[in-house]
């Protein structure tokens with residue numbers, strides 16, 4: 001069912017907006033790139049930055065972990081994972097790092113745009129395998145793996161890895177909360193009939 005009578009395009013707009021970029025864009029709600037960058041999570045962030053960032057938008061730590069589960073779908077560029085897969089740290093599975101290195105050369109500028117799935121097990125399915133990957137130290141982004149690295153969010157990751165229904169339910173609730181962050185009202189915004197075309 002569409003948002004407006006006769007609009008069959010709305011569900012596809014929602015899936016594109018929410019599953020691909022809405023999380024980051026809604027968190028930013030900033031008019032320019034430099035302001036947005038200061039308000040968006042980075043792929044290098046630790047819990048010490050992520051938790052306060054989400055909290056400043058009225059989202060709990062549990063909401064943050066649930067929303068991070070959207071990384072069960074999508075890909076990351078080599079340039080964003082290079083440091084992690086060549087770091088030889090203890091919070092990455094060595095076999096996983098070795099596999100990722102095949103598509104991401106160590107040299108900066110070489111293969112920067114090569115892509116790798118955020119969830120290597122079920123990259124095209126929205127499920128809880130993302131959390132299972134984190135427990136196995138197979139989080140592609142550093143900001144993902146910090147969710148399961150001996151910190152305060154380990155228990156949430158473990159719970160979601162064991163209960164797909166809990167993850168799905170709490171992800172949906174967190175998405176609704178995120179959608180209520182500083183919404184544009186009246187003439188300040190628009191609901192588009194076609195995602196990429198201004199009404």
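So the values come out like this:
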quantity: Region 41-132 - Kirkwood radius from inverse mean 1/r over Cα pairs (Å); calculated: 14.4
quantity: Highest average packing first - 55-61, 186-192, 136-142, 123-129, Cβ atoms within 10 Å; calculated: 136-142, 123-129, 55-61, 186-192
quantity: Extension gain from residue 194 to residue 113, taking 0.36 nm per residue of separation minus the Cα-Cα distance; calculated: 26.3 nm
quantity: Zone residues, region 67-83, relative to residue 120, backbone N less than 18 Å from point 7 Å out along Cα-to-Cβ; calculated: 71-83
quantity: For 162, 193, order by how many other beta-carbon atoms lie within 10 Å, fewest first; calculated: 162, 193
quantity: Principal semi-axes in Å for region 125-179 [√(5λ), Cα gyration tensor, largest first]; calculated: 19, 12, 11
quantity: Sorted by Cβ density within 10 Å, fewest first, the residues 160, 130; calculated: 160, 130
quantity: For region 79-122 versus region 179-195, the gap between their alpha-carbon centres in whole angstrom; calculated: 37
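FYI, it's all coordinate maths here, none of it is from the lab. Remember, predicted model here, so these are calculated numbers, not experimental data. We place every Cβ from the backbone using ideal geometry, glycine too, and count neighbours over all the protein chains shown.
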